[in-house]
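The values are calculated or read from the model by the stated rules, or taken from the named source; none is laboratory data. As the structure is a prediction and not an experimental result, all values here were calculated from the model. Ideal geometry is used to build each Cβ from the backbone, glycine not excepted, and the neighbour counts take in all protein chains shown. Surface areas here come from the heavy atoms of the whole protein model, side chains and all, with no ligands, DNA or RNA. Shrake-Rupley method; radii C 1.70, N 1.55, O 1.52, S 1.80 Å.
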Amino acid sequence: MEKNKSLSWYCVVYCLFIISIGCNKQNVNLYYNSFATDISLFGKTLGTDSVMLRYPFRIKHQDSLAIIMDLHHPDYFYHAFTYPQFRYLTSFGKRGQAPEEILSAENIRLTENGMWGLDANKHQITNMSMQDIYQPVNVKETQLDKELIRALDFALYDDSCFVIPDYSGNHRFHIIDKNGNIRSSHGKIPSRKHQKGNITLAQAWRSFIDYNPENHTLALVTQLGEVLEIYNLKDSTHIVKIGPYGEPEYNESGGMAIPSGIMGFSDVQVTDKYIYTVFHGRSFKEIAQQQQPMTDGGQYIYVFSLEGDPLYKYTLDHFIYGIDVNERTKEIYTVDVNSNQPVVKYELKY
Amino acid sequence: MNAMNKKKIIVTGLMTMVLLFFVWLKKQNNMVENDLVLLNIEALALNENGEYVTCLGIGTLDCPSLHSKVYYIRTFNGKK
């Protein structure tokens, strides 16, 4: 009898052990409703009179150089300034179909080794030397693996590899090697409404990404809806955070995702301490009904911990798209597409 | 070896097999590599429902048919 009892306990403990293996840290889905701190920020507009920007989408800096990427400029995608004064230097990255020209710039990354730019329509990432800012030189053009289908954002994984979001719906992101080939594929779209991953779902879940190799943190934020994902590429943990507007909403038409619901995030930056995001929250119904002149951009910067805890909600006095965070000086430089003086600086309050 | 010990060994062996099975399941990678999938994807980009997909303005939405960045995307029935 005693031996039977010990065997039963043994089975119970073992079953609990099996269950605990299934409940590991890899898929923790949590909703957030509010932020610990809600602050209004008022920005200082920096003059950039020497160059007319049409649609400044991204802003990055490295040492004393800042680059603004203009998504719809008629001539050049990239515009260089001094940092932090934002005195205009030059424009480069000519729009066009010629070999060294750019069809569709998506994002840029700046390092000590120069600048990297993604061209989605040419399906390539170009590394440019910035030693002479007035004559940047294409050092290397990396043609991307066709199986990526379409690369709409990228981050630097290390000296030679990249992280690129998945477009097929079969995964969440890929690690790409220095030759542009897929080295590994990771994750799945964490949709609760749609179980089958396909291109349409991937289009709706199109995300902006950033990766910080210091803490191995990859953050993805959805352009539609309000979903933040955090992957730790060292210990393989995965956190999903869904905000009040929920996951991306769309209608399917001919295999294409037609956005409905809301415009969500438009930029993300992972620092050593936090994850900074730009959030819009405007419905497409509202966007469609908007009178001229139309306001475009997000009014909020949401700050999360590296574990996805919602910490700070900053409400801005401008509508912005891209951000560049400087935690050392506690400043965020942003770009406002609605203004002829698009660079707006905010002082962070923690 | 008495019957109870034999029973323990059998149960332990079965549970070990179950554990190994769960570990194997977790390591499975379902990546699909198939050129045919890519061909189907290109076909799906064309609207098969008789609907027009219209991409309007300039913005940041990736227009699935034009591959340019637009402000708004909508569909309408061609019969309207």
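Would you confirm, using the coordinates I've provided, whether B:Asn29 is modelled with pLDDT under 70, outside any helix (DSSP H, G or I) and either surrounded by 13 or more Cβ atoms within 10 Å (Cβ to Cβ) or out of contact with any Asp or Glu (no Cβ under 9 Å at 6 or more places or on another chain) (or both)? So B:Asn29 passes the test. Can you find even one residue in the range A:251-271 that is over 22 Å from B:Ser65 (Cα atoms), away from every other protein chain (no Cβ under 14 Å) and either small (Gly, Ala, Ser) or free of Cβ contacts under 8 Å to residues at least 24 places away in the same chain (or both)? No, the range A:251-271 contains no residue that is over 22 Å from B:Ser65 (Cα atoms), away from every other protein chain (no Cβ under 14 Å) and either small (Gly, Ala, Ser) or free of Cβ contacts under 8 Å to residues at least 24 places away in the same chain (or both).
Please go through the range A:303-324 and pick out each residue that is open to solvent by 10 Å² or more (accessible area, probe 1.4 Å) and either at pLDDT below 95 or among the hydrophobic types (A, V, I, L, M, F, W, C) (or both). Matches in the range A:303-324: A:Leu306, A:Leu311, A:Phe319. Of the strands (runs of 3 or more DSSP E) that lie entirely inside the range A:92-194, those containing 1 or more residues that are within 14 Å of chain B (Cβ to nearest Cβ) and surrounded by 18 or more Cβ atoms within 10 Å (Cβ to Cβ) span A:105-111, A:114-119, A:162-165, A:173-176, A:182-186. The strands (runs of 3 or more DSSP E) found wholly in the range A:1-82 and carrying at least 3 residues that are out of contact with any Phe, Trp or Tyr (no Cβ under 6 Å at 6 or more places or on another chain) and modelled with pLDDT of 70 or more occupy A:56-62, A:76-82.
Check the range A:267-282 and report whether any residue there is in contact with a His (Cβ under 6 Å, 6 or more places away or on another chain), more than 30 Å from A:Ser339 (Cα to Cα) and not small (Gly, Ala, Ser). Walk me through it before giving the result.
Quick first cut of the range A:267-282, residues in contact with a His (Cβ under 6 Å, 6 or more places away or on another chain) only: none.
Checked the range A:267-282: no residue is in contact with a His (Cβ under 6 Å, 6 or more places away or on another chain), more than 30 Å from A:Ser339 (Cα to Cα) and not small (Gly, Ala, Ser).
When residues in the range A:111-139 are screened for being within 19 Å of A:Asp70 (Cβ to Cβ) and acidic (Asp, Glu), 1 of them pass.
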